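The values are calculated or read from the model by the stated rules, or taken from the named source; none is laboratory data. Keep in mind it's a predicted model, so treat the numbers as computed, not measured. Cβ atoms come from the backbone with ideal geometry, glycine included; neighbour counts cover every protein chain shown. Please note that ligands, DNA and RNA were not included when accessible areas were found on the heavy atoms of the full protein model with its side chains. Shrake-Rupley method; radii C 1.70, N 1.55, O 1.52, S 1.80 Å.
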Amino acid sequence: MVRKTANDFPPEVLKAFDQYTHGEINRRGFLKNVAKFTVAGLSAEALLLALSPQFAQAQQIAPDDKRITTSWVEFPSPNGSGKVKGYLVKPAKVEGKLPVVLVVHENRGLNPHIQDIARRVALDNFIAFAPDSLAPLGGYPGDEDKARELFATLDQTKVREDFIAAATELKKLPEGNGKLGVVGFCYGGGISNFLATRLPDLNAAVPFYGAHPPAEDVAKIKAPLLVQLAEQDERITSGWPAYEAALKAANVKYQAYIYPGVQHAFNNDTTPRYDAAAAKLAWERTISFFNQHLRT
């Protein structure tokens, strides 16, 4: 089956889908907004299905891949939800201590795609930990709509403290080398920026198309940043000039790339907004950045 891409959908449909996935409109609102559009005769319901994640089709690393070991672990989070639970992935064959990378999900909790991302990180010879913010509510429910609804009910102050607690515990892993990086996508990109403002001992942060921190917090950033943005993502990328100005004013070390012609979530290979060329380049830059800042 030929996979659809963003070019197979009118821009108005893509915009409506972005609004839907970020809670700006509900399912009924999406269907109403796209009812006048058809793509190869697809109904509004079929358009939504075509744009929705296909996890099995996109999986790159199987959970039982012999090159990695996986487990579910918990860390204490006294200032957050009490504990933070997540998916810990390590290379099966390890020589010496390894850097640790915190992998932060989108606004649906720890779904199969982000678990796959954690496994990819581990195959690049890192220890990866991907928390599930929905753990206090029973964990990722297996349905993206339900996950989004549950996510909207979370106390974000506690969730942020959970990520801080996870970062603190990961720094202390006996098999780690004491260096910690964070990579996050969409909501997780915003958390990556947030952690950079809160953790002076963070060693590297890679926010993918995530919300920028308040200008007054940028001066607190000590970690080098690799900022990954999509050109066709007005909601996030329009704020980049102000964020970049604040980074420069605070003398923060950063690299930034705006990938031309691509949509928000271009790295998410479960949906048609995925752009293979941009995602490949962005991932290569991410791993190179972590190798530079977490292994020396």
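Quick notes
- Inter-probe distance in nm under a simple model that places probes 7 Å from Cα toward Cβ, at THR38 and LEU281: 3.7
- The string of couplings for segment 270-285 from the Karplus curve (6.51, -1.76, 1.60, θ = phi - 60°) is 8, 10, x, 6, 4, 10, 4, 5, 5, 5, 4, 5, 5, 5, 4, 5 Hz, one whole number per residue in order, with x for Gly and Pro.
- For a modelled paramagnetic label at LEU49, 7 Å from Cα along Cα-to-Cβ, the residues of segment 127-170 in reach, with backbone nitrogen under 20 Å, are 142-147.
- Where segment 130-175 is the region considered: accessible area per residue in Å², 1.4 Å probe: 47
- Accessible area per residue (1.4 Å probe, heavy atoms of protein chains only) ranks ASP64, ASP162, ASP124 as ASP64, ASP124, ASP162, with the largest value leading.
- When each of the peptides 272-279, 200-207 is scored by the mean number of other C-beta atoms lying within 10 Å of its residues, the order from highest to lowest reads 200-207, 272-279.
- Relative packing of peptides 222-230, 285-293, 99-107 - highest average C-beta neighbours within 10 Å first: 99-107, 222-230, 285-293
- Between 0 and 90°, nearest 10: helix 11-21 axis offset from the chain longest Cα axis: 50
- Which labelled figure in (1) 18.6, 59; (2) 24.8, 81; (3) 21.3, 73 is Rg and Dmax of the Cα atoms in Å, once derived from the coordinates: (1)
- Computed with a 1.4 Å probe over protein heavy atoms only, the accessible area of LYS280 comes to about 130 Å².
- Distant alpha-carbon pairs in segment 201-279 (separation over 17 angstrom), percent: 45
- Placing pseudo-labels 7 Å out from each Cα toward the beta carbon at SER71 and ASN251 gives an inter-label distance of 4.3 nm.
- Whichever aspartates and glutamates have a C-alpha closer than 16 Å to that of LYS248, once near sequence neighbours (fewer than 8 apart) are set aside: GLU216, ASP217
- Solvent exposure ordering (accessible area, 1.4 Å, most first) of LEU150, LEU170: LEU150, LEU170
- Accessible surface of the chain [probe 1.4 Å, protein heavy atoms]: carbon and sulfur percent: 52
- Prolate/oblate/rounded call for segment 141-273, Cα gyration tensor, a/c under 1.5 rounded: oblate
- Over the residues of the chain, the helix contribution to mean residue ellipticity at 222 nm works out to -11000 deg cm²/dmol, using -39500 (n - 2.57) for each DSSP H run of at least 4.
- The alpha-carbon of LYS146 sits under 24 angstrom from the alpha-carbons of these lysines, leaving out residues fewer than 8 places away in its chain: LYS15, LYS32, LYS83, LYS85, LYS158.
- Here ALA242 and ALA58 are evaluated by their C-beta separation; at R0 = 51 Å the FRET efficiency comes out at 0.90.
- When TRP283, TRP72, TRP240 are compared by accessible area of protein heavy atoms, the largest-first order is TRP72, TRP283, TRP240, using a 1.4 Å probe.
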